[in-house]
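Report on the structure given below.
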Amino acid sequence: MFLVKRFIIVGKNSFVSMNVKFLNLHAVRSQIQIGDNCIINPNVLLDGRKGRIIIGNNVDISRDTYIYTAQHDPHSDYHNIKFADVVIKDYVWIASRATILPGVILEKGCVVACGAIVTKSVDAMCIVGGVPASVIGKRRSQLKYKIDYHPPFYT
């Protein structure tokens, strides 16, 4: 955590696992921001090369999730890159192997199912899944929990 906090902003009581990949071309820590009481599991990719990634509080990002802020424009004659920020609001849960594309906003309390590819923003408390992700349900939780996960040994 000591090294992680030198390159990105990490809130109180948050845990970033080993093997999380940060892409940051800027010498600015605010390019990738993680709020309080979050868990970022192994093999997550946080791509802050161009756009910013802003993660709220009590967010759970599961293994092998990719969050991109840049992608090639398929309509460009010159294979240009387009980029946009990704915002993940409080109490969002992103399950394993999901992919979040540039410009997406995940509103409070939404859930992204395993393997989903999120190409558009998701409304609060919605559960999305599939390729491309679409609404498959509604979350009924009161969101009263506080993530407090700090394993003694974790890879």
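The values are calculated or read from the model by the stated rules, or taken from the named source; none is laboratory data. As the structure is a computational prediction, the values presented were derived from the model and not from experiment. Positions of Cβ are generated from backbone atoms using ideal geometry, with glycine treated the same way; all protein chains shown enter the neighbour counts. Quick note on the areas: whole protein, heavy atoms, side chains included, nothing else; ligands and nucleic acids left out. Shrake-Rupley method; radii C 1.70, N 1.55, O 1.52, S 1.80 Å.
Tell me what the chain gives for mean residue ellipticity at 222 nm when only DSSP H runs of n ≥ 4 count, each as -39,500 (n - 2.57), the sum divided by the residue total, rounded to 500 deg cm²/dmol.
-500 deg cm²/dmol
About its Cα centre, how strong a charge dipole does segment 32-90 have in debye, to the nearest 20, once Lys and Arg get +1 and Asp and Glu get -1 at the Cβ?
My answer is approximately 100 debye.
What number comes out for accessible area per residue over the chain if the probe is 1.4 Å? Units Å², please.
55 Å²
Which distance in nm do the two modelled labels at Arg6 and Ser76 give, with both placed 7 Å along the Cα-to-Cβ direction?
Taking the two extended label points, one gets 3.2 nm.
Of the heavy-atom accessible surface of the chain (probe 1.4 angstrom), what whole percent is carbon and sulfur?
Within the chain, the accessible surface is 55 percent carbon and sulfur.
When DSSP beta bridges are limited to those with both residues in segment 79-137, what percentage is antiparallel, rounded to the nearest 5?
25 percent
For Leu25 and Lys146 in one chain, what is 0.36 nm times their gap in residues minus the Cα-Cα distance, to one decimal in nm?
40.3 nm
Given the chain, what percent of its DSSP beta bridges are antiparallel, to the nearest 5?
Approximately 20 percent, going by the DSSP bridge assignments.
With an 8 Å Cα cut-off and a minimum separation of 6 or more residues, compute the relative contact order for segment 1-113 in percent.
This gives 21 percent for segment 1-113.
Might you work out the accessible area of Asp77 for me, using a 1.4 Å probe with all protein chains in place, and round it to the nearest 10 Å²?
The value for Asp77 is about 140 Å².
At a 10 angstrom cut-off on C-beta neighbours, averaged per residue, how do the peptides 127-133, 92-98 rank from highest to lowest?
Descending packing order for the listed peptides: 92-98, 127-133.
How large is the dipole of segment 6-155 about the Cα centre if only Lys and Arg carry +1 and Asp and Glu carry -1, each at its Cβ, rounded to the nearest 20 debye?
280 debye
What are the ³J(HN,Hα) couplings of segment 18-24, residue after residue, when phi is run through the Karplus curve with 6.51, -1.76, 1.60 and θ = phi - 60°? Round to Hz, x for glycine and proline.
Going residue by residue, I get 5, 6, 8, 9, 10, 10, 8 Hz, with x marking Gly and Pro.
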